[in-house]
1. Going through 76, 31, 66 one at a time, which residue ends up being under 26 Å from residue 19 (Cβ atoms), of a type in the set (A, V, I, L, M), out of contact with any His (no Cβ under 7 Å at 6 or more places or on another chain) and surrounded by fewer than 18 Cβ atoms within 10 Å (Cβ to Cβ)?
2. Would you check which residues across the range 12-34 are assigned to a loop (DSSP other than H, G, I, E, B) and of a type outside the set (Val, Ile, Thr) and list them?
3. On the basis of being surrounded by fewer than 17 Cβ atoms within 10 Å (Cβ to Cβ), of a type in the set (Lys, Arg) and either at pLDDT 95 or above or not in a loop (DSSP other than H, G, I, E, B) (or both), does residue 44 make the cut?
4. Condition first: charged (D, E, K, R) and either assigned to a loop (DSSP other than H, G, I, E, B) or in contact (Cβ under 8 Å) with a residue 60 or more places away in the chain (or both). Now tell me which residues in the range 49-65 satisfy that.
5. Using beta carbons and a limit of 6 Å, which pairs, at least six apart or on different chains, have the first residue in the range 28-43 and over 14 Å from residue 7 (Cα atoms) and the second one aromatic (Phe, Trp, Tyr) and surrounded by 14 or more Cβ atoms within 10 Å (Cβ to Cβ)?
6. In this structure, does residue 53 turn out to be modelled with pLDDT of 95 or more, farther than 25 Å from residue 28 by Cβ, surrounded by 14 or more Cβ atoms within 10 Å (Cβ to Cβ) and out of contact with any Asp or Glu (no Cβ under 7 Å at 6 or more places or on another chain)?
7. Could you tell me whether residue 46 is under 18 Å from residue 5 (Cα atoms), aliphatic (A, V, I, L, M) and touching a residue at least 40 places away in the same chain (Cβ under 8 Å)?
8. Failed condition for residue 9, given (1) among the hydrophobic types (A, V, I, L, M, F, W, C); (2) more than 30 Å from residue 130 (Cα to Cα); (3) outside any loop (DSSP other than H, G, I, E, B); (4) in contact with a Leu (Cβ under 7 Å, 6 or more places away or on another chain), with all others met?
Amino acid sequence: MSTIAENIAAIRARIDAAARQTGRTGADITLVAATKMNDAARVREAVAAGIDACGENRVQEMTEKLAQDAYTGAPLHFIGHLQTNKVRQVVGKVDLIQSVDSPELLAMIEKRAAGQGIVQDILLEVNIGGEAAKSGWMSLWAAWTPPPCRNCWKRPPAARIFACAA
């Protein structure tokens with residue numbers, strides 16, 4: 001049976017090979033380990049083995065592991081759908097929220113981050129196929145329309161959009 005370190009080394013080797021084919025290096029690629037359903041000890045083992053970031057999609061599990069210092073040494077990303085009622089438990093506790101899929105969620109994140117005096121890094125989820133069954137902004141242009149509040153543009157933004165996830 002392979003260890004976590006052996007698995008990560010094998011993944012890194014595949015990343016390096018794929019990156020070389022495109023004229024890049026493996027260092028250009030961020031390896032995010034989905035750590036759901038793994039205990040804090042296994043997450044710490046993955047961090048020690050060299051993953052670049054941890055990804056959690058379950059708020060309760062993330063909170064428990066934060067209390068156990070499971071993510072120390074690696075940035076923490078919230079991956080997957082973030083429910084609006086969980087925003088207060090995530091903003092300010094993660095380095096990046098990967099899938100902001102609506103103007104309402106963005107506004108809530110922005111409001112919570114502003115209240116904490118921080119800037120929360122996010123990725124927008126864009127539904128590039130325009131499929132009704134899928135979540136996400138229907139167009140990138142929609143992401144730049146003014147939010148439904150009067151004072152949002154009178155202060156610096158508290159949510160920084162890094163890139164877009166499709």
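1. Working: 76 fails: surrounded by fewer than 18 Cβ atoms within 10 Å (Cβ to Cβ); 66 fails: under 26 Å from residue 19 (Cβ atoms).
Of the residues listed, the single one that is under 26 Å from residue 19 (Cβ atoms), of a type in the set (A, V, I, L, M), out of contact with any His (no Cβ under 7 Å at 6 or more places or on another chain) and surrounded by fewer than 18 Cβ atoms within 10 Å (Cβ to Cβ) is 31.
2. Taking the range 12-34 and keeping what is assigned to a loop (DSSP other than H, G, I, E, B), we get 22-25, 29-31.
Listed by number, the residues that qualify are 23, 24, 31.
3. Working: surrounded by fewer than 17 Cβ atoms within 10 Å (Cβ to Cβ): no; of a type in the set (Lys, Arg): yes; either at pLDDT 95 or above or not in a loop (DSSP other than H, G, I, E, B) (or both): yes.
Spelling it out, it is not the case that residue 44 is surrounded by fewer than 17 Cβ atoms within 10 Å (Cβ to Cβ), of a type in the set (Lys, Arg) and either at pLDDT 95 or above or not in a loop (DSSP other than H, G, I, E, B) (or both).
4. Going through the range 49-65, the residues charged (D, E, K, R) turn out to be 52, 56, 58, 61, 64-65.
Matches in the range 49-65: 52, 58.
5. none
6. On the way: modelled with pLDDT of 95 or more: yes; farther than 25 Å from residue 28 by Cβ: no; surrounded by 14 or more Cβ atoms within 10 Å (Cβ to Cβ): yes; out of contact with any Asp or Glu (no Cβ under 7 Å at 6 or more places or on another chain): yes.
Considered against the rule, which asks whether it is modelled with pLDDT of 95 or more, farther than 25 Å from residue 28 by Cβ, surrounded by 14 or more Cβ atoms within 10 Å (Cβ to Cβ) and out of contact with any Asp or Glu (no Cβ under 7 Å at 6 or more places or on another chain), residue 53 comes out as no.
7. On the way: under 18 Å from residue 5 (Cα atoms): yes; aliphatic (A, V, I, L, M): yes; touching a residue at least 40 places away in the same chain (Cβ under 8 Å): yes.
It is true that residue 46 is under 18 Å from residue 5 (Cα atoms), aliphatic (A, V, I, L, M) and touching a residue at least 40 places away in the same chain (Cβ under 8 Å).
8. Failed condition: (4).
The values are calculated or read from the model by the stated rules, or taken from the named source; none is laboratory data. Because the structure is a prediction, the values reported are computed rather than measured. Note that we place each Cβ from the backbone using ideal geometry, even for glycine, and neighbour counts take in every protein chain shown.
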